[in-house]
Amino acid sequence: MNRLFFRFFTLVMLSISVAALIVYFAINRMFGDPLESIARNQAAAQIFLLEQYVDQAPADGWLDRLNKVREVSDVRFELIPLSTARAQLPSREREAFDRGEVVIDIGSKALYRRVDLTGDKYIGSNEEAIHAQNLPIDIKVALQMEAVRYIIVALALLVPIGVWSRSHWRGLQALMKVADRFGAGQLKVRAQMKPDDSIYPLAERINHMADRIETLLESQRGLLNSVSHEIRTPIARLEFALELLHDTVGDTVLEKRIGSMQGDLTELKSLVSELLGMARLDSEQPLRYETFNVTDALRSCANTLPPSTVSLDVSVPDGLGTYYGDCRLLMRATGNLLRNAQKYANGRVALSAARKVDGVIIVVDDDGPGIPEDERERVFEPFYRLDRSRDRNTGGFGLGLSIASKAVSLHGGALRIETSPLGGARFVIMLPPA
């Protein structure tokens, strides 16, 4: 936000500077150089003395009066050839000089003027020019005055703009905090603005949007809770009925079919549990923060894995310290990654962890077929599986990685996929400092 208003301030200052340059060049184009006008005013006494005293002398007294001026003035008046004067003047000033006008050289604090166009002052006067040096010209004060003038104009513009934009800035800061809290799951938070605030219409629209989102999420949670309750009841009845039917039936073929039906029912029950787990991650307060020992939690997570023919190497060192977060959720994410690795590993899975300055890193490696780079983002989508031909015994529901990714992101961390040194896939959990 501060960067936005700094850019606005810079833009205003640049606009004022460009406007000042445009004004200067426009005046210079239409009325002549304003700096030359200032310098001419500062040298007005010497120009008046030259034109009203020296030039008004009789034909045979012109040089005498010029010498008298030299004696009483600090300005050096010299006679130089026309060719020398033309060489010292810029090309744009030579035309005025040839017409007999006084030409000011601001940089050298001097003036040039032809003595006479017709040679009436003295013999050869039409071939010489007056060069007056050390004129009392000082444009620094004039430039300082112009600078002060433009600074005052800039302040006169920026101060009201700053006061006017301050209310915008404070309102936008308030809206940004509301958006952050709403995004963090505090669905009840709303922007509190007065009707006379400049961004009140925007705040009202954001509040309407928040109301709509909260209503939709509440409806979703209510529907999910109701559906889960309604579905679990008939599932439990079916399980009980199939158990009774299995105990009373003596036909082997029928028993196999009942066993298959029980497997389908178990799958349906697991799917409902996974969906409920996904829904709880989106609830208003999904995290249960606590301080836990990282080493103990990871080792316990590895010990709770189901039996498998795949070997598991646990390289979790002592002294990883503690972490403040939802231990249950983070270990569920790690367990999902380990179970996924067990499914597709050829014979080896490795779990490792390390403490870094920027947080905790948990790594799960396997020696399976790996995951192509173009599929590494999509595997975190719900119900997405790389091999569409996999059944429930190998491919699962496609929710485990999605749950793991969401659990890590809720802690402000990241879950990425790399190529494992074992030859398969590597899942890296990066948790920020707690």
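The values are calculated or read from the model by the stated rules, or taken from the named source; none is laboratory data. These numbers come from a predicted model, not from an experiment. As a convention, Cβ positions derive from the backbone with ideal geometry for all residues, glycine included, and neighbour counts pool all protein chains shown. Remember, those area values only see protein heavy atoms, side chains included, never the ligands or the DNA or RNA. Shrake-Rupley method; radii C 1.70, N 1.55, O 1.52, S 1.80 Å.
Rank by packing, highest mean first: peptides 332-341, 318-327, 209-218, with packing defined as the count of other Cβ atoms within 10 Å averaged across residues.
Ranked from most to least packed, the peptides come out as 332-341, 318-327, 209-218.
To the nearest 20 debye, what charge dipole does the chain have about its Cα centre, counting +1 at the Cβ of each Lys and Arg and -1 at the Cβ of each Asp and Glu?
920 debye
When the dipole is taken about the Cα centre of region 15-106, and only Lys, Arg (+1) and Asp, Glu (-1) are charged at their Cβ, what size is it in debye, to the nearest 20?
220 debye
What percent does the relative contact order of region 33-137 come to when contacts are Cα pairs within less than 8 Å and at least six residues apart?
30 percent
Evaluate the charge dipole of region 290-431 about its Cα centre and quote only its size in Debye, nearest 20, assuming +1 on the Cβ of each Lys and Arg and -1 on the Cβ of each Asp and Glu.
Computed charge dipole of region 290-431: roughly 320 debye.
For region 33-137, what D do you get in µm² per second when you plug the Kirkwood radius from alpha-carbon pairs into Stokes-Einstein at 25 °C and 0.890 mPa s?
177 µm²/s
May I ask you to rank Ser15, Ser125, Ser73 by accessible area, largest first, using a 1.4 Å probe over the protein chains only?
Ser15, Ser73, Ser125
Tally Lys/Arg at +1 and Asp/Glu at -1 over every other residue whose Cβ is under 13 Å from the Cβ of Arg376; what's the total?
-3
Using a 1.4 Å probe, what is the accessible area per residue for the chain, in Å²?
Solvent-accessible surface per residue comes out at 60 Å².
Looking at the chain, do any whole DSSP H helices span at least 24 angstrom along their long axis by alpha carbon and average 1.0 or above on Kyte-Doolittle, and which?
2-31
Once Rh for region 99-158 is found with the Kirkwood sum over Cα pairs, what is the Stokes-Einstein diffusion coefficient at 37 °C and 0.692 mPa s, in µm²/s?
After rounding, the answer is 228 µm²/s.
Could you put Leu305, Leu298, Leu63 in order of accessible surface area, largest first, with the 1.4 Å probe and the full protein assembly present?
In descending accessible area the options line up as Leu63, Leu305, Leu298.
For the chain, what are the per-bin percents of Cα-Cα distances with bins 10 Å wide, up to the bin holding the maximum?
4, 13, 14, 12, 10, 7, 6, 7, 8, 8, 6, 3, 1, 1, 0, 0
Quick one: with all protein chains in place, what share of the accessible area of the chain is carbon or sulfur, to the nearest percent (1.4 Å probe)?
56 percent
Please list the equivalent ellipsoid semi-axes of region 290-431, computed as the square roots of five times the alpha-carbon gyration tensor eigenvalues, in descending order and whole angstrom.
Each semi-axis is √(5λ); the values are 23, 17, 14 Å.
For Lys406, go through the lysines and keep the ones whose alpha-carbon is under 28 Å away, minus same-chain ones fewer than eight residues off.
List returned: Lys177, Lys188, Lys269, Lys343, Lys356.
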